[in-house]
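Read the structure below first, then the notes.
The values are calculated or read from the model by the stated rules, or taken from the named source; none is laboratory data. Quick caveat, the model's predicted, so the values are computed rather than measured. Using ideal geometry, Cβ is built from the backbone for each residue, glycine included, and neighbour counts are taken over all protein chains shown. Ligands, DNA and RNA are excluded from the accessible area calculation, which covers all protein heavy atoms including side chains. Shrake-Rupley method; radii C 1.70, N 1.55, O 1.52, S 1.80 Å.
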Amino acid sequence: QVQLVESGGGLVQAGGSLRLSCAASGRTFSMGWFRQAPGKEREFVAAIQWNGGNTYYADSVKGRFTISRDNTKNMVYLQMNSLKVEDTAVYYCAAKLYYTIEYPYWGQGTQVTVSS
């Protein structure tokens with residue numbers, strides 16, 4: 001079974017920065033970051049293709065967040081800059097095969113709280 005472990009969440013002031021990490025066991029995957037705030041649906045944040053290096057971002061985070069990977073292809077990061085209170089949510093790391101839409105593998109999430 002694939003294991004995903006997120007880390008790096010915490011409390012940060014608006015305008016500040018935070019870097020999330022996700023470790024994925026097993027084979028090489030396409031990776032994504034999602035988030036869910038209280039009372040809201042889980043939403044897509046960013047994704048990266050591990051083979052081609054293509055990246056995708058939700059409109060709400062473009063220009064502020066950057067998704068990247070390490071040399072081993074089994075780690076993914078989310079650099080979050082210019083954080084807003086609206087970014088407060090539980091952030092989840094997810095993995096899938098590069099040619100599918102669905103993300104079958106998910107981590108437990110890490111809390112990001114942005115204060116004003």
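A few points about this structure:
Yes/no per residue for (1) within 14 Å of Thr110 (Cα to Cα); (2) part of a strand (DSSP E or B); (3) in contact with a Leu (Cβ under 6 Å, 6 or more places away or on another chain):
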{"position": "Gly26", "(1), (2), (3)": "no, no, no"}
{"position": "Met31", "(1), (2), (3)": "no, yes, no"}
{"position": "Arg35", "(1), (2), (3)": "yes, yes, no"}
{"position": "Gly63", "(1), (2), (3)": "no, no, no"}
{"position": "Ser68", "(1), (2), (3)": "no, yes, no"}
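- When restricted to residues that are under 19 Å from Ile101 (Cα atoms) and either of a type outside the set (S, T, N, Q) or touching a residue at least 60 places away in the same chain (Cβ under 8 Å) (or both), the stretch 37-77 contains 17.
- Evaluated against (1) open to solvent by 70 Å² or more (accessible area, probe 1.4 Å); (2) under 10 Å from the mean Cα position of the chain (by Cα); (3) at positive phi, Gly109 falls short on exactly one condition, (1).
- Test: Lys40 is loosely packed, with under 13 Cβ neighbours inside 10 Å, charged (D, E, K, R) and farther than 22 Å from Gln111 by Cβ: no
This table checks each residue for (1) touching a Lys or Arg at 6+ places or on another chain (Cβ under 6 Å); (2) under 18 Å from Val112 (Cβ atoms); (3) open to solvent by less than 30 Å² (accessible area, probe 1.4 Å).
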position	(1), (2), (3)
Gly9	no, yes, no
Arg27	no, no, no
Gly32	no, yes, yes
Asn54	no, no, no
Val76	yes, yes, yes
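- The set of residues from the stretch 13-35 being among the polar types (S, T, N, Q), more than 16 Å from Thr55 (Cα to Cα) and touching a residue at least 60 places away in the same chain (Cβ under 8 Å) comprises Gln13, Ser17.
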